[in-house]
Amino acid sequence: QMCIRDSINAEYGTKDFVNNMETAIGIKLKDAVLIAVNTDCFRSIVKLNDADKIKELDRTKILAAVGEHGDREAFCEYIQKNVSLYAIRNNLALSTQGAANFTRHELAHALRSGPYNVNLLLGGVDEDGPSLYFMDYLASLNKLNFAVHGYSSNFILSTLDKYYKEGLSVEEGFHLLRLCINELKKRFLVRNVAFLVKVVTVAGVSVTTLNVEDVQV
């Protein structure tokens, strides 16, 4: 596995450093899943501030990705279209666990031919309740209550570990997210402009944008 990691790093070079400056935060709530991703996107020498890095797989599932822009768009769209195709062919939507296992399988398959440099958070709500899955570019898969991708995890995970509790409401989830963003404002090297936040429930997906400078705790 270390040989695979080394070969990927040799191929992508310093792009790994830039990609890890992105931030993706996922929090499982009582009846929903909240995922927030910074809106910054780097293309060559150009920086964009309005990137949407969270795909809606269907009405009750969302997939957030950080990493190389081309890989992120290609892989997430591939997963999105195949989840839709499964629902059309079988007249039945994939469960969140099923979507997570399919996504991990595709990452693992590509790892041995043409690896995708993407790290993922998949959240959804089923009859059994909400669930959040953490995946990295080496195709590991973990079901967690909260998760973070990027170098910012060094500052955010301690905040989540301290303040997270089971059964958070959406309002409490946003408060916890603001605590995390406030921690980044004080300690993280990179200045993020805004975070795109999507909350998925049984009723669908709601979208909010949080401007970092406006975040007060």
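Out of (1) at pLDDT 95 or above; (2) under 30 Å from Gly98 (Cβ atoms), what's the single condition that is false for His175?
It fails just one condition, (2).
Quick one: in the stretch 113-136, which of the residues that are free of Cβ contacts under 8 Å to residues at least 40 places away in the same chain and not in a strand (DSSP E or B) is nearest to Glu22 (Cα to Cα)?
Looking at residues that are free of Cβ contacts under 8 Å to residues at least 40 places away in the same chain and not in a strand (DSSP E or B), I get Asp136.
Let me confirm something: among Val66, Val18, Val83, which residue is aliphatic (A, V, I, L, M), at pLDDT below 95, on the phi < 0 side of the Ramachandran plot and part of a helix (DSSP H, G or I)?
Result: Val18 is the single residue among Val66, Val18, Val83 that is aliphatic (A, V, I, L, M), at pLDDT below 95, on the phi < 0 side of the Ramachandran plot and part of a helix (DSSP H, G or I).
Can you tell me which residue in the stretch 69-81 is nearest to Asn119 (Cα to Cα), limited to those that are buried (at least 16 other Cβ atoms within 10 Å of the Cβ) and touching an Asp or Glu at 6+ places or on another chain (Cβ under 9 Å)?
My answer is Phe75.
Under the condition of being within 17 Å of the chain's Cα centre (by Cα) and open to solvent by 30 Å² or more (accessible area, probe 1.4 Å), which residue from the stretch 91-104 is farthest from Asp71 (Cα to Cα)?
Only one residue tops the list, namely Gln97.
Yes or no: the stretch 163-173 includes at least one residue that is without any contact (Cβ under 8 Å) to a residue 60 or more places away in the chain, touching a helix residue (DSSP H, G or I) at 6+ places or on another chain (Cβ under 8 Å) and open to solvent by less than 70 Å² (accessible area, probe 1.4 Å).
There is no residue in the stretch 163-173 that is without any contact (Cβ under 8 Å) to a residue 60 or more places away in the chain, touching a helix residue (DSSP H, G or I) at 6+ places or on another chain (Cβ under 8 Å) and open to solvent by less than 70 Å² (accessible area, probe 1.4 Å).
What number of residues in the stretch 152-172 are assigned to a helix (DSSP H, G or I), farther than 22 Å from Asn119 by Cα and not basic (Lys, Arg)?
4
List pairs: first in the stretch 201-217 and at positive phi, second basic (Lys, Arg) and surrounded by 13 or more Cβ atoms within 10 Å (Cβ to Cβ), Cβ under 6 Å, 6+ apart or cross-chain?
Hits for this filter: Gly204/Arg59.
The values are calculated or read from the model by the stated rules, or taken from the named source; none is laboratory data. In this text, all values refer to a predicted model and were calculated from it rather than measured experimentally. Glycine gets a Cβ as well: all are built from the backbone with ideal geometry, and neighbour counts include every protein chain shown. What goes into the accessible areas is simple: the full protein's heavy atoms, side chains included, and nothing from ligands, DNA or RNA. Shrake-Rupley method; radii C 1.70, N 1.55, O 1.52, S 1.80 Å.
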